[in-house]
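Asks: Just dropping this structure here.
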Amino acid sequence: MKGGQDMVRVRMAPSPTGFFHLGNARTALFNNLFAKKQKGAFILRIEDTDNERSKKEYETVIIEALRWLGIRYDEGPDSGGPYGPYRQSERTKIYRAYLEQLTAEGRVYHCFCTKEELEAERESQLLAKQPPRYGGTCKKISPEECAAQKTAGKESVLRFGVDDARGKIQVIDMIRGSMEFDPRLIGDFVIAKDLDTPLYNFAVVVDDFLMKISHVIRGDDHISNTPKQLLLCEALDFDPPLFAHLPMILNTDKTKLSKRENEVSVLEYRALGYLPEALVNFLGLLGWNPGGDREIFSLEEMQELFHMDDVHKGGAVFDMRKLQWLNGMYIRKKDVVTLTDMCIPYLCEAGYLAEEGSESAREYRIPATGERVSRQTLENIVRGEHERMKTLKDIVQLAGYFFQKELFIDAEILQWKECSRAETAHALTCAHDTLFRMQKSDFTSLQIEKNLKEMIVAQGLSNGAVLWPLRVSLTGLRASQGPFDVAAILGKEKTLQRILAAHDTL
Ligand code: GLU
């Protein structure tokens, strides 16, 4: 094990500067899987050194998203354990000591170059077809001149001096194998604004060392930081961790995942009605597969099966349809009682339902009509849509007609393709009269079906001629759960009202 560690310790180190998106969640998951499999620890460290961009609410979102996904960490803010919180903003003194050490050793120097000067240097290098890097202007400044510039109030940053002659920097990556970086292409880089304001590459190195991180598992957008971090480890005499850079997440056409999709916050998926177990399963397959065709894995199964050797080098394809398919699979695994509980908030949010009463005596009301609706009815509605739902929010589209006062009926859709307007009107009248004669107490799906089918035969009509306009009358839709079930759930009175209203549109 690296770093003299006898235990696997990994970390996720998000910056609370924006929403927690799928790429972040995938990094958290792979760290969690690796740690669990290796019986190690997974740490959450909030990298909030950037005062201006870091926001407490983003930290809250990170914690909330991980909790919702069920991805547990062992140390860090809100871990529930004795360790942490780990927030870089609370560790300034620690970084300062190491910055002072490097300064005293002459490894770091003050750089007074202005943004404009740096930009001009970069442009001329690009023009001369040279790789852009800092030319070292301030490296040559004498201690006296440096002191004078500071006294004069000139702004500076701390730059780490890279030894060009040190030879290639080798990174051994658990996923990509060995990579080499030329120090001459890196150039002296900024590691702090001042002694109390370290920047990412520096703080990360100090923390990974002090927190005894054995493996750094992160997105491959950080590859270019790795040689810099290794140089800092060398300068500070830290044994570096091992690295594993996870493949980039790509669109199905293999282009880089657009910002729009990638930046969708994890909690947005919750709002859209995705189940955490489906999202975790989906994220697990973004770059990893234990071999074979299996696609359904619980978090625990992935923790059991995860091996870094099975993580792909190539891009991981983000296929929205696969996520929807997986979500549908997990929805189907839910029992109706649980699924009803899960659907209710979406119906409430859409304004179709209002919850009242206490937790032990919940009551439901349909705001559009003011009627009460029983829990049993809600379960019947959900049961009928169970197979068709891909997200929890689908319940709103699929079953909205149960909660609307009046349906919009498109007369074009109402007509069965083989029937005229008059025939459709006749079919609806026959259906109405048949259902009208039924007792309320008999108004069950089975009995409705039986009576309507007998009427169809007796009248010499076809199933389509009656059942198609009946469905459209009751739902306003071309496709829905079976019309007998819908009628039974709506009840006799509403069913008859809806048939008459539809009849009137013809
Ligand atoms: N704060 C960095 C980020 O949010 C962490 C990168 C790392 O894991 O080293 O991208």
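The values are calculated or read from the model by the stated rules, or taken from the named source; none is laboratory data. All values reported here derive from a predicted model rather than from experimental measurement. Cβ coordinates were reconstructed from backbone atoms using ideal geometry, including for glycine residues, and neighbour counts include every protein chain displayed.
Asks: Which of (1) loosely packed, with under 15 Cβ neighbours inside 10 Å; (2) touching a residue at least 40 places away in the same chain (Cβ under 8 Å) is the odd one out, the single condition D442 does not satisfy?
Replies: (2)
Asks: Cβ-Cβ below 6 Å, separation at least six or inter-chain, first residue in the range 213-229 and under 20 Å from K168 (Cβ atoms), second among the polar types (S, T, N, Q) and buried (at least 23 other Cβ atoms within 10 Å of the Cβ): which pairs?
Replies: Filtered contacts from the range 213-229: no entries.
Asks: Residues in the range 34-41: is at least one out of contact with any Leu (no Cβ under 9 Å at 6 or more places or on another chain), part of a helix (DSSP H, G or I) and within 11 Å of the ligand (Cβ to nearest atom)?
Replies: No, there is no match, as no residue in the range 34-41 is out of contact with any Leu (no Cβ under 9 Å at 6 or more places or on another chain), part of a helix (DSSP H, G or I) and within 11 Å of the ligand (Cβ to nearest atom).
Asks: With of a type in the set (S, T, N, Q) and away from the ligand (no atom under 13 Å from the Cβ) as the only criterion, which of T103, T27 stands out?
Replies: Sole residue among the options that is of a type in the set (S, T, N, Q) and away from the ligand (no atom under 13 Å from the Cβ): T103.
Asks: Please tell me if G18 is in a helix (DSSP H, G or I), within 16 Å of the ligand (Cβ to nearest atom) and at pLDDT below 95.
Replies: So G18 fails the test.
Asks: Oh, and also: Could you list, in sequence order, all residues of the range 212-221 that are touching a helix residue (DSSP H, G or I) at 6+ places or on another chain (Cβ under 9 Å) and part of a helix (DSSP H, G or I)?
Replies: D221 - this is the single residue of the range 212-221 that is touching a helix residue (DSSP H, G or I) at 6+ places or on another chain (Cβ under 9 Å) and part of a helix (DSSP H, G or I).
Asks: Based on what the data block shows, is A368 of a type in the set (G, A, S) and within 16 Å of Q497 (Cα to Cα)?
Replies: yes
Asks: Looking at the range 265-278, is at least one residue within 24 Å of G314 (Cα to Cα), of a type in the set (D, E, K, R) and either modelled with pLDDT of 95 or more or more than 16 Å from the ligand (Cβ to nearest atom) (or both)?
Replies: The answer is no; no qualifying residue exists.
Asks: Return yes or no: is H245 under 23 Å from the mean Cα position of the chain (by Cα), in contact (Cβ under 8 Å) with a residue 24 or more places away in the chain and within 15 Å of the ligand (Cβ to nearest atom)?
Replies: Criteria met by H245.
Asks: Something else now. Select from the range 183-205 the residues that are assigned to a helix (DSSP H, G or I) and more than 19 Å from I169 (Cα to Cα) and write down the one among them that is farthest from the ligand (Cβ to nearest atom).
Replies: If we take residues in the range 183-205 being assigned to a helix (DSSP H, G or I) and more than 19 Å from I169 (Cα to Cα), then A203 is farthest from the ligand (Cβ to nearest atom).
Asks: Quick one: in the range 419-439, which of the residues that are in contact with a helix residue (DSSP H, G or I) (Cβ under 7 Å, 6 or more places away or on another chain) and in a loop (DSSP other than H, G, I, E, B) is nearest to W468 (Cα to Cα)?
Replies: The selected residue is C419.
Asks: Out of the residues in the range 212-227 that are hydrophobic (A, V, I, L, M, F, W, C) and buried (at least 18 other Cβ atoms within 10 Å of the Cβ), which is farthest from the ligand (Cβ to nearest atom)?
Replies: Selected residue: I213.
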